[in-house]
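So the structure is just underneath, and the comments pick up after that.
What follows draws every value from the coordinates through simple rules; no lab data is involved. What you are looking at is a predicted structure, and each value in this text was computed from that prediction instead of being measured. Neighbour counts are summed over all protein chains in view; Cβ atoms, including those assigned to glycine, are modelled from backbone coordinates with ideal geometry.
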Amino acid sequence: MSSETPLDDSYFDYCPWDFERHATPEQRMAQAGRQQRLTDQGAGFGPQCFVSATAGVFPETLRMGANCYIAGHAYVTGELTTGSDCTVNPYATVRGRVVLGDGVRIGAHSSLLGFNHGFAPDRPVHRQPQTSKGITVGDDVWIGSNVVVLDGVTIGDHCVIGAGAVVTKDVPPWTVTAGNPARPIRYRRTGRTTGAGTPGASGLADALARFADQAREQAAAVIDRCWNAETGRYVDRPGAPATVRAHCDAIEIADLLLGSPPPQMSGTEHAERLRSLQDPATGLVPEHGPDGSPGALPAPSADGWVDDPAAEYHVLSVGYALGLLGARFAHPVHAAARLTAAQLTARLEALPWRTRAWTAGAWVDCWATAAYRNAELTDAPGAPGALEALFGWLLTRTDPTTGLWGAAGPADDARLQLVNGGYRLIRGSFAQFGLQVPYPERMVDTVLAHSRDPRWFSPGRENACNVLDVAHPLWLAGRHSDYRAAEARGWAEQQLPRILDRWQTGAGFGFGQAGEGGGPGRHPGLQGTEMWLAIIWLLADIVGVAGRLDYRPRGLHRPEPGPWAALGRPC
């Protein structure tokens, strides 16, 4: 390659990485014009991007970060959002709803197909409706040549997808995957082959595989026992009242184990029922009334917020259930969007951080999730500066000695409120938005100290809330550091056999064993089943054997940040 001889346009179609170094002024002007035409149609580009003139780029939404390119003869339609340093190489296809993190490489002739056709026997395929769950790819992912990734798949951070693979199911972070259908073959971070796990973990891996097979076989029965055919509503367990959360838990379990909506209704009917429950004025979803219609919400506070614990949790549960169904809220969550930055800060200051950290963390989880959901429907997730005010407040209020927010409680609960509130806060803010927590090592220290408290974690005392609130922070910290990783693995290995033994045939999991902790107790139901299934995956991934489950949470307890189709990174 001579620096004195201009390179032909066709060279950059196939070697776009050389464009910044070797393009002539005329070629740069042509490229700028090409991007401007796409920008005029609503696209957005970071600096130093390249789009080949021979690529078929016809998106509904296109957002590309810095240093990205779409090479020659690639085909891009639908909704594509990328981080920085992402590449769509020659002849690759990206269609439907696709979200890429930073540093994603898509090899030549590969296809990411974030949509699907129906194929019911009552009509020709070309007349079937299309659906789109979307594809999410994390940071630092290499997708080799001739790979096919199907709709609904999430590929975690730092994965490698071998050439020719057909990816039909979610891929955990750090996994090297190959084959048709794609299967994990080794873990990139540790170098271990799949199934090896930690020393002595092979028996646990086999137990997890057997459990997952059993859970899938019984999933339909678990859901059906909680369907009240007379009222046409879901209950957490037989004899309990119908709740919105029970409906959402049924959707989460069915998606996880069956790969489809609960069989009592079609996916469209599930989505429309949930969407119809939303109050248009506030955007909140109240609990069912006695006759199954939406219940009443309390009057708003002076700042416009509506203090209703059930409705606050429904921002999470209904929003994620709708996402699994390929739908969204009918209205923005106005109660959250109307809070100014000053009002939000005043709310944060007034929360009971020193006495009821769980309540405070749950409120942050709700507001941050509402902002996230609002960004799917509008250009502004909240009032100007509100989201920045939230993260600014959290970053400056983190206790550097615990890595969490608030204070340990009196002797009767010690770190319980602190850790449980920390999980809820982190889930909705840092984890959901893909940001690292401020003091991860101190967080691990606090959580591991709490995990040794026999009042909450001795055999017969665990409940889903308390175990989840330890498992998730340990998993989250382990993505970035090996700090005290052996202790985290040891705790996970200790918990998993106990949990697996508590599955009840055809009924699922109970929330807890001693009936304590504010949940529905020891009786098997949808809430306990949904939560423990997610917990099992988190613990298994800490151990290094999550691949044996052959499932991965995609809803409320998904391990990755939410999809970025409508929302860029906030900070």
What whole number of Å gives the distance from the Cα centroid of the stretch 86-155 to the Cα centroid of the stretch 323-394? 31
Under 5 Å from the placed amide H of T93, counting only residues 5+ away or on other chains, we find Y75, S110, S111, L112
For the stretch 12-187, just list the percent of Cα-Cα distances falling in each 10 Å bin from zero outward, please. 11, 39, 32, 15, 3, 0
Can you give me the Kirkwood hydrodynamic radius for the stretch 91-242, using every pair of distinct Cα atoms, in Å to one decimal? 18.0
Tell me, what is the Rg over Rh of the stretch 119-165, with Rh the Kirkwood radius over Cα pairs? 1.15
Enumerate the amide H contacts of A178 below 5 Å, restricted to partners 5 or more residues apart or on another chain; note that Pro and chain-start residues carry no placed amide H. G162, R183, I185
If neighbour count is taken as other Cβ atoms inside 10 Å, put M265, M64 in order from fewest to most. M265, M64
Counted neighbours (other Cβ, 10 Å), sorted fewest up, put T168, T529 in the order T168, T529
Table column - 3J(HN,Hα) (Hz), the stretch 35-46, Karplus curve with 6.51, -1.76, 1.60, x for Gly and Pro: 5, 5, 4, 5, 5, 4, 8, x, 6, x, 10, x
What longest region of the chain stays clear of GluC sites (Glu not before Pro) that DSSP places outside H, G, I, E and B and that have at most 12 other Cβ atoms within 10 Å? 231-571
Which value in nm describes the separation of the simple spin-label points at A299 and D18, placed 7 Å from the Cα toward the beta carbon? 7.3
Which whole-number percent of Cα pairs in the stretch 203-549 have a distance greater than 29 Å? 40
On average over all directions, what projected area in square nanometres does the stretch 466-508 have, based on the convex hull of its Cα atoms? 3.5
Helical contribution to [θ] at 222 nm, DSSP H n ≥ 4, -39,500 (n - 2.57), averaged over the chain, rounded to 500: -11500 deg cm²/dmol
For the stretch 430-519, which trypsin sites (Lys or Arg not before Pro) pass both filters: DSSP loop (anything but H, G, I, E, B) and at most 14 other C-beta atoms within 10 Å? R452
